[in-house]
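In what follows, a structure is listed as structure tokens, so that the remarks can point back to it.
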Amino acid sequence: MITASIVLYNENLTTLQKTVDSFLNSTLEKKLYLIDNSSKNTLQPHFNHPEIAYIFVGKNIGFGSAHNLILDKINSNYHLILNPDIEFKSDIIQTLISELEKDLETSFVTPKVLYPNNKLQFVCRKHPSFFDLINRKLKISKKAIHNNEYRNQNLEVAFYPEFIHGCFMLFKTEDFKNIKGFDERYFLYMEDADLCRKIDDKGKKKLYFPDLEVIHQHRKSSSKSIKLFFYHLTSAIKYFLKWGF
């Protein structure tokens, strides 16, 4: 049994439908939770399906808080945290589950993530530092950015990075519940970095498995919007106050 959750906020219907179909096409027993933070309930009529639970929140409560709404509802073996702009072949889920089960200490697995033009997204990172975030914005040192993204090693081989961006995270549900999901103090951004830290604190690991791939549109909104950049900055401050600089 696998569950999945997608947090929505004024999503493009066509893009979202592709993500939903990617998950529902799996032959596994499944349940998909669509948690809608939009102010208007315009998408729900398009997702009337026995394997979908649609939760209309009616206001933007944030990414982590929305995913956490279903923590007490999921009784699956595996839980997939999914962005609304992902496409993948449905049969990859079973293979990822098999990889996840090979190591008791692995909490979640993420496949290779590609842009729509098939270029690699560098979703594996070292734990964020204050300099890393400043460097990524100002591009002070390209070498430091590449080192932070593990580009000095073969990214075609599976390994256990410190931090994996959270667009597609297939969890052992028990582990996701044991860390109490996301820290709800983050409204948007850094909640996946914080989640990886919490996994470390439990003595568990995160697996990057590049034998399989998904397509992620990755809109990079915080670099295009002053408001979203402010959210990113606020979350970074909370993160470093919690985990250190």
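Rounded to whole Å, give me the distance from the Cα center of region 152-181 to that of region 88-141. Spelled out, the Cα-based centre of one part sits 7 Å from the other. Considering only Tyr115, Tyr189, Tyr54, the mean-square fluctuation computed in a Gaussian network model of the chain, springs between alpha carbons under 10 angstrom, is largest for Tyr115. Distant-in-sequence amide contacts of Tyr186, defined by a placed amide H-H separation under 5 Å and a gap of 5 or more residues or a different chain, comprise nothing.
Among the listed values (1) 0.97; (2) 1.25; (3) 1.17, the one computed from these coordinates for Cα Rg over 2.2 N^0.38 Å is (1). Would you please classify the overall shape of region 160-245 from the alpha carbon gyration tensor, given that a ≥ b ≥ c denote the square roots of the eigenvalues, rounded means a/c under 1.5, and beyond that prolate means a/b larger than b/c while oblate covers the rest? It comes out oblate by the Cα gyration axes.
Tell me what the chain gives for mean residue ellipticity at 222 nm when only DSSP H runs of n ≥ 4 count, each as -39,500 (n - 2.57), the sum divided by the residue total, rounded to 500 deg cm²/dmol.
On the way: 8 runs with 78 residues, N = 245.
My calculation for the chain gives -9500 deg cm²/dmol from helical runs alone.
Once you order the gyration tensor axes a ≥ b ≥ c over the Cα atoms, which shape class does region 16-120 get: rounded for a/c under 1.5, otherwise prolate or oblate by comparing a/b with b/c? Each step should come with its number before you reach the end.
Details: a/c = 1.66, a/b = 1.40, b/c = 1.19.
Prolate is the answer for region 16-120, as a/c is 1.5 or above and a/b outweighs b/c.
Most simply put, the chain has about 35% antiparallel DSSP beta bridges, counting only bridges with both residues inside it.
Any read-out appearing in this document is the output of simple, stated calculations on the displayed coordinates, not a laboratory observation. None of the values given here were measured: they were computed from a predicted structure.
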